[in-house]
């Protein structure tokens, strides 16, 4: 049984803000989509078939998890709040939470590994790391994939590669993504140029929780859109090639803001930390917006006494399901807003972290 209380009071490795380029790159992720041979894929599978798939994969998934992992958990018996909690943690996808039938997830240590059974495909593996670490993610997930293929047979075509529910994943079944914090580009309205450039390069830009989600807290996921005809190293390289340009664009814009609008920027950061340390009720949307400004202020040296990992955690721990898990009871929207404000004050400490004069 998954220890939700322990998860509630901890955080994943990807939130620690210690990886390369972590002032802008929050995390890197590599995901692989796989399906069992001779079974209908999930969109066409009955609940009985999904049950058979889950039974086949449960053991192998649990075996490839490193020592010290939380282990394998069935998702379908969980309460809605628990499933939403796992979505907010980036452990499972929104689709996995909301779909029907037998399904489960293997969770690795420090939440850096997740293997979802019966999501859009029979198996969705992901490895998540702090900062710019695509090669490290790929090495780990490739080893897990090799170990799994020693135990089960995946649907594979000699011409097309791995077969998947969505045509854009056919081939390697790989999705490579980097989560970026781009507040300066958003403030200066330069972010649309990034979107247009990424689209021309065949890359997708999505929000904090992936496909179909909105950008919250100025977080954006940049990822490949297709895999057919490309090798895994080439897909990683295609994403890696564009990230340095985005990083330089964001950093240059930050420097220009400091030079040209120092007072305005300082005021924005000061107001953000002031509201967060003193508010008695605050919405999730406002929290994300203010935390984004504080994170920017820390990276620009405008705020001292608060660490980036604390802010990264607050982006996740102030989400609705987390607050209710912390409270150990369901909360209405107004109660969540009050609980959120109280939790932020506790984490940031009233009177600490003032923007430097």
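The values are calculated or read from the model by the stated rules, or taken from the named source; none is laboratory data. Here the structure is a predicted model, which is why all the values come from computation and not from measurement. All Cβ positions, even for glycine, are placed from backbone atoms using ideal geometry, and neighbour counts span all protein chains on display.
Being assigned by TED's automatic domain parsing to the domain that holds residue 17, over 25 Å from the mean Cα position of the chain (by Cα) and at positive phi is true for just one of 301, 229, 202. Which residue is that? Steps first, please.
Numbers: 301 fails: assigned by TED's automatic domain parsing to the domain that holds residue 17; 202 fails: over 25 Å from the mean Cα position of the chain (by Cα).
On inspection, the qualifying residue turns out to be 229.
Please go through the stretch 98-116 and give me each residue that is touching a helix residue (DSSP H, G or I) at 6+ places or on another chain (Cβ under 8 Å) and in a strand (DSSP E or B), ordered by number.
Once the filter is applied, which keeps residues that are touching a helix residue (DSSP H, G or I) at 6+ places or on another chain (Cβ under 8 Å) and in a strand (DSSP E or B), the stretch 98-116 yields 104, 105, 106, 113, 115, 116.
Test residue 216 against the stated conditions and say whether it is in contact with a helix residue (DSSP H, G or I) (Cβ under 6 Å, 6 or more places away or on another chain) and modelled with pLDDT under 90.
Details: in contact with a helix residue (DSSP H, G or I) (Cβ under 6 Å, 6 or more places away or on another chain): yes; modelled with pLDDT under 90: yes.
It is true that residue 216 is in contact with a helix residue (DSSP H, G or I) (Cβ under 6 Å, 6 or more places away or on another chain) and modelled with pLDDT under 90.
I'd like the full set of residues that are in a strand (DSSP E or B) and more than 13 Å from residue 32 (Cα to Cα), limited to the stretch 146-165.
156, 157
Among what's in the stretch 181-204 and is more than 21 Å from residue 234 (Cα to Cα) and in a loop (DSSP other than H, G, I, E, B), pick the residue that is modelled with the highest pLDDT.
Applying the filter and picking the extreme gives 182.
A quick yes/no check of all residues on (1) surrounded by fewer than 16 Cβ atoms within 10 Å (Cβ to Cβ); (2) in contact (Cβ under 8 Å) with a residue 12 or more places away in the chain:
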{"residue": "32", "(1), (2)": "no, yes"}
{"residue": "41", "(1), (2)": "no, yes"}
{"residue": "49", "(1), (2)": "no, no"}
{"residue": "54", "(1), (2)": "no, yes"}
{"residue": "57", "(1), (2)": "no, yes"}
{"residue": "61", "(1), (2)": "no, yes"}
{"residue": "66", "(1), (2)": "yes, yes"}
{"residue": "76", "(1), (2)": "no, yes"}
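Checking the conditions here, which among 140, 119 is crowded, with 17+ Cβ neighbours inside 10 Å and assigned to a loop (DSSP other than H, G, I, E, B)?
Details: 140 fails: assigned to a loop (DSSP other than H, G, I, E, B).
None of the other options fit; the residue is 119.
Right, residue 176: at pLDDT 90 or above, more than 24 Å from residue 300 (Cβ to Cβ) and not assigned by TED's automatic domain parsing to the domain that holds residue 269 or not? Even if it seems obvious, please write down each step before you answer.
On the way: at pLDDT 90 or above: yes; more than 24 Å from residue 300 (Cβ to Cβ): yes; not assigned by TED's automatic domain parsing to the domain that holds residue 269: yes.
Taking the combined requirement at face value, the residue satisfies it.
I'd like to know if the stretch 166-180 contains one or more residues that are assigned to a loop (DSSP other than H, G, I, E, B), over 19 Å from the mean Cα position of the chain (by Cα) and crowded, with 17+ Cβ neighbours inside 10 Å. So that I can check it myself, show each step before the final result.
First pass over the stretch 166-180, keeping only residues assigned to a loop (DSSP other than H, G, I, E, B): 166, 170, 172-173.
With over 19 Å from the mean Cα position of the chain (by Cα) added as a condition, the list becomes 166, 170, 172.
Subsequent filtering for residues that are crowded, with 17+ Cβ neighbours inside 10 Å retains 170, 172.
Looking for residues that are assigned to a loop (DSSP other than H, G, I, E, B), over 19 Å from the mean Cα position of the chain (by Cα) and crowded, with 17+ Cβ neighbours inside 10 Å, one finds at least one in the stretch 166-180, hence yes.
Out of (1) surrounded by 14 or more Cβ atoms within 10 Å (Cβ to Cβ); (2) touching a residue at least 24 places away in the same chain (Cβ under 8 Å), what's the single condition that is false for residue 202?
Answer for residue 202: the failing condition is (1).
Identify the single condition in (1) over 23 Å from the mean Cα position of the chain (by Cα); (2) modelled with pLDDT under 95 that residue 271 does not satisfy, given that it satisfies every other one.
Answer for residue 271: the failing condition is (2).
Out of curiosity, is residue 237 assigned to a loop (DSSP other than H, G, I, E, B) and either modelled with pLDDT of 90 or more or exposed (fewer than 15 other Cβ atoms within 10 Å of the Cβ) (or both)?
So residue 237 fails the test.
Check off (1) assigned by TED's automatic domain parsing to the domain that holds residue 27; (2) at pLDDT 90 or above; (3) out of contact with any strand residue (DSSP E or B) (no Cβ under 8 Å at 6 or more places or on another chain) for residue 280 and give me the number that stays unchecked.
(1)
Can you list the helices (runs of 4 or more DSSP H) found entirely within the stretch 1-88 that contain at least 1 residues being modelled with pLDDT of 95 or more, outside the structural domain of residue 311 (by TED's automatic domain parsing) and under 20 Å from the mean Cα position of the chain (by Cα)? Walk me through how you get there before you give the answer.
Values: elements: 4-8, 47-64, 80-88.
Per the criteria, 80-88.
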